[in-house]
1. Considering only residues that are hydrophobic (A, V, I, L, M, F, W, C), open to solvent by 10 Å² or more (accessible area, probe 1.4 Å) and within 15 Å of residue 44 (Cβ to Cβ), which ones fall in the stretch 162-181?
2. Working carefully through the options 110, 84, 173, find the one that is more than 29 Å from residue 260 (Cα to Cα), assigned to a loop (DSSP other than H, G, I, E, B) and more than 21 Å from the chain's Cα centre (by Cα).
3. Taking the stretch 63-79, which residues are in a loop (DSSP other than H, G, I, E, B) and either surrounded by 18 or more Cβ atoms within 10 Å (Cβ to Cβ) or small (Gly, Ala, Ser) (or both)?
4. In the stretch 157-170, what residues are at negative phi and either free of Cβ contacts under 8 Å to residues at least 40 places away in the same chain or part of a strand (DSSP E or B) (or both)?
5. As an exercise: evaluate residue 248 against (1) open to solvent by 70 Å² or more (accessible area, probe 1.4 Å); (2) β-branched (Val, Ile, Thr); (3) under 23 Å from the mean Cα position of the chain (by Cα) and give the number of the one condition it does not meet.
6. Mind checking which residues of the stretch 35-62 are of a type in the set (Phe, Trp, Tyr) and either at pLDDT below 95 or not in a strand (DSSP E or B) (or both)?
7. Kindly evaluate residue 200 against the criterion of being over 29 Å from residue 249 (Cβ atoms) and assigned to a helix (DSSP H, G or I).
Amino acid sequence: MTERTERTEPAGATEPAGATESAEATEPAGAGRARVAVLGTGVMGAPIARNLLRAGFDVTVWNRTRQKAEALAGQGARVAGTPAGAAAEAGFLITMLTDGDAVESAMTGADGALTALGPDAVWIQMSTVGVHATRRLAELAEGTAEFVDAPVSGSSEPAERGELLVLASGNPALRPRVRPVFDALGRRTLWLDRLGDGSRFKLVLNNWLAVLVEGMAETVSLTSVLGLEPGLVLGTLTESPLGSAYATAKGRAMVEHDFAPGFPLHHAGKDAALALAAADHRGLELPLTEALLKRWDEAIASGHAMDDVASAITAAGPSRP
């Protein structure tokens, strides 16, 4: 069974269709809550920490590059020098790091967060790390902390607005405890049954994102080399059932060469590679994903690793007539 939990509405609002959790009154987000530790304050981790602060949570942050974490101090966050320092006395710990190895490194070792987490703490793993790494991390948590697999769908802009889609899986008994945290970060929480299904679903969604982006990159390039104005096809797609708001937004960024990072190409490529690995493990081929990754590797090698995923256009061909 899959549950959809919408963000708590103001008093008097009706429960959204499809929401299955009880609608009993809840105290304001953050009120009386234990401290939240956020490990990783990059493109996604920083807005997550800010939204928790706005919701009234007591937030401690850590980042491998301390300067990125220090930027949140002026907004009310405490800055820790080690993951263990951030985790001390935390009721919730969120990891939002690059990959499974980075998460494991932050959680283990002499200064790892697991050395300081209390037995009642909940580790909310929000990084996109793939199926096998999620299983490994869940095993690390056994006997030390409760573990919730909860990657998020959305880039930096919805993260700033607190409008992420949280893809959660784990012990159903933990859902009421983590709901105030998720409500501060997302517009909706989609609960899935098996531990790790959140990470599985994230790979599915991000594989679709990769295909959309590469399809738009090639479409914009084809429009240009045929001597047509790229804005014409983008405008037509916007008004057509063929259009996707996300794809056309990335198309505009491609035409304007606006690669300010919302979702860095390196991270998108990493996620697509995780989808390929998961599919291969099940005997499934993803030829489109495999082909686009070769193009994206070219764009990454030419200096676009931390540019937005729209910079995939640089390997697809010209974007202007």
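The values are calculated or read from the model by the stated rules, or taken from the named source; none is laboratory data. The structure displayed is predicted, hence computed values, not measured ones. For neighbour counting, all protein chains shown are included, and Cβ atoms are generated from backbone atoms with ideal geometry for every residue, glycine included. Surface areas here come from the heavy atoms of the whole protein model, side chains and all, with no ligands, DNA or RNA. Shrake-Rupley method; radii C 1.70, N 1.55, O 1.52, S 1.80 Å.
1. Hit for the stretch 162-181 is 165, nothing else.
2. Result: 110 is the single residue among 110, 84, 173 that is more than 29 Å from residue 260 (Cα to Cα), assigned to a loop (DSSP other than H, G, I, E, B) and more than 21 Å from the chain's Cα centre (by Cα).
3. Quick first cut of the stretch 63-79, residues in a loop (DSSP other than H, G, I, E, B) only: 63-65, 71-72, 76-77.
Listed by number, the residues that qualify are 63, 71, 72, 76, 77.
4. Taking the stretch 157-170 first, the residues at negative phi are 157-161, 163-169.
Hits for the stretch 157-170 are 158, 161, 163, 164, 165, 166, 167, 168, 169.
5. Answer for residue 248: the failing condition is (1).
6. The answer is 57, and nothing else.
7. Against the criterion (over 29 Å from residue 249 (Cβ atoms) and assigned to a helix (DSSP H, G or I)), residue 200 does not qualify.
Yes/no matrix, rows are residues, columns are (1) within 29 Å of residue 125 (Cα to Cα); (2) in a loop (DSSP other than H, G, I, E, B):
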{"residue": "217", "(1), (2)": "no, no"}
{"residue": "221", "(1), (2)": "no, no"}
{"residue": "234", "(1), (2)": "no, no"}
{"residue": "253", "(1), (2)": "no, no"}
{"residue": "267", "(1), (2)": "yes, no"}
{"residue": "275", "(1), (2)": "yes, no"}
{"residue": "283", "(1), (2)": "yes, yes"}
